[in-house]
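Visitor: There's a structure below that I have some questions on.
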Ligand code: F6P
C-alpha cells in the first residue's frame, strides 16, 4: 500500500486553509505520497473515520478559495484548552482510536492545521506517539513562534476596506463611526487595519484606554475643523473598568463569544458628546473570502514545509515564519505563549507620531521626538503565557 499523508483543518476557519491543503497535496505527490483529507477537523479521525482522498484533480482551483474543502469545527470530542496549566487531557480511548486510524490508513503522519487550541491537541497526539506536525492558523495573529499566521493579512485587508468605506460616509454626514474587528487576546487586526485605513482612534486589549481619552481625540479633531472621526476597536479590548464585552456563554467547553464592545463605545460617545455615532461589527466577514496574495504565498509554503517535516520524520514540530525563512519549532513551545501587541512597538509609535489616539490621552506629541535607537530594543515580541487564557479551539 502506498504511504500516505493525512491532513485536517481544525478550529475557526480563515482565508488560506485551502492554499495549505493544495500546497501539502502537491508537494506530497512529488515525494510519492497519497493524501488523505479528514473531514470536520479532528472529528473525522475516529468513530466514524471520515475522509476523502485528495489529488491534483480535487484540489485544483482551490488556491484562491476561502473556507476549507475539508470542513472544520471548534467543538466536539477533541477539546484541549491551550496553556501549560490550562490543558484538558484527551480521552485515552480517543487517542488510541486516532492511532489505529493512522496505522490502518498507512499514514506517514498527520498535518494538523489550526490555532493554539487545535495545536494543543496535536501536541497531545505527539506525546501519545501519533506522528504529527502542526501548521499555525488564525486571523488574530496571536501565536508565538511565528511572525505571521496566514489569514491575518486577509482579515486586515477586509477591515481596511471597511474603514475606507466608513471614511467616506462618516465624512459625508459628520459622524463618528466605530468599527469593531476581531482579536480576542491581541489587537493586531485593529492596529494594522487602523493604520492602513486611517483610523483616528484605535482601541486594543494591550493598551488601557478611557472614554475621556477617546472623546478628547474627537474634540481635538473638531477643533482642527474635522467633523468626523473613525474609531476601530478590537473585540477583546477591555472596557475602562477592565470588563470584556461578551455575547453569550458557550456550552461544550467552548470559549465565551466576544462581541458588542463597538456598540458600547458608540453609545458612550453619543451620550457624552451628543455627536451622531454609528457602529459596524465586522465579525465573520474577516474570516471569509479569498486569501490575499501574501496569505496564499505563506500558506502554500507552510503546506509544502509541513510535508517535508513529516517526510523527514520530524514529528511534534510546527511550521513557522521567521522572516525571511520558513522554519519549525516544537509545537509545545508554540502553544504555551500568546503573541500580543507590544505597546512600545514601532507600529504603535508610528501611529502616535501621526496623531492616532489609543484612547489613553497620549496622542498630541510625536514619540519619535524623544525615541532613541535603544528604545527599539523594547520592540521584541511581546509574549504572554497562555495559562489563564480561556482559549479552546481557535
Ligand atoms: O480566533 C479567531 C476568532 O476570529 C476570534 O477573533 C473570535 O473571537 C473567534 O474566532 C470567533 O469564533 P467563532 O464565532 O467561530 O466561534
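Visitor: Kindly indicate whether residue 157 is part of a helix (DSSP H, G or I), within 16 Å of the ligand (Cβ to nearest atom) and either more than 30 Å from residue 103 (Cα to Cα) or without any contact (Cβ under 8 Å) to a residue 12 or more places away in the chain (or both).
Guide: In short, yes.
Visitor: Same structure again: What tally of residues in the stretch 238-259 results from selecting those that are modelled with pLDDT under 85 and outside any loop (DSSP other than H, G, I, E, B)?
Guide: Number of matching residues: 1.
Visitor: Looking at residue 136, is it more than 21 Å from residue 282 (Cα to Cα), within 16 Å of the ligand (Cβ to nearest atom) and at pLDDT 95 or above?
Guide: yes
Visitor: Let me ask you something else. Go through 321, 315 for me and flag whichever is surrounded by 17 or more Cβ atoms within 10 Å (Cβ to Cβ), modelled with pLDDT of 95 or more, outside any helix (DSSP H, G or I) and over 20 Å from the mean Cα position of the chain (by Cα).
Guide: Result of the check over 321, 315: 315.
Visitor: Can I ask one more? State yes or no: is residue 235 within 17 Å of the chain's Cα centre (by Cα), modelled with pLDDT of 95 or more and not assigned by TED's automatic domain parsing to the domain that holds residue 36? Spell out how you get there, then give the answer.
Guide: Working: within 17 Å of the chain's Cα centre (by Cα): yes; modelled with pLDDT of 95 or more: yes; not assigned by TED's automatic domain parsing to the domain that holds residue 36: yes.
In short, yes.
Visitor: Against the conditions (1) out of contact with any helix residue (DSSP H, G or I) (no Cβ under 9 Å at 6 or more places or on another chain); (2) within 16 Å of the ligand (Cβ to nearest atom), where does residue 39 fall short? Just the number, please.
Guide: Only one criterion is unmet by residue 39, namely (2).
Visitor: With (1) modelled with pLDDT of 95 or more; (2) on the phi < 0 side of the Ramachandran plot as the list, and residue 174 as the residue in question, which single condition is left unmet?
Guide: (2)
Visitor: Here is a check on your reading of the model: is residue 197 more than 16 Å from the ligand (Cβ to nearest atom), within 29 Å of residue 345 (Cβ to Cβ) and surrounded by 17 or more Cβ atoms within 10 Å (Cβ to Cβ)?
Guide: Taking the combined requirement at face value, the residue satisfies it.
So that you can scan it fast, the table gives a plain yes or no per residue for (1) in contact (Cβ under 8 Å) with a residue 40 or more places away in the chain; (2) part of a loop (DSSP other than H, G, I, E, B); (3) surrounded by fewer than 24 Cβ atoms within 10 Å (Cβ to Cβ):
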position	(1), (2), (3)
88	yes, yes, yes
95	no, no, yes
99	no, no, yes
110	yes, no, no
113	yes, no, no
119	yes, no, no
125	no, no, no
134	yes, no, no
139	yes, yes, no
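Visitor: Going through the stretch 257-298 one residue at a time, which ones are more than 16 Å from the ligand (Cβ to nearest atom) and farther than 30 Å from residue 243 by Cα?
Guide: 290, 292, 293, 294, 296, 297, 298
The values are calculated or read from the model by the stated rules, or taken from the named source; none is laboratory data. Note that the structure is a prediction, hence the values are computed from the model and not measured. Glycine also receives a Cβ, built like all others from the backbone with ideal geometry; neighbour counts cover every protein chain displayed.
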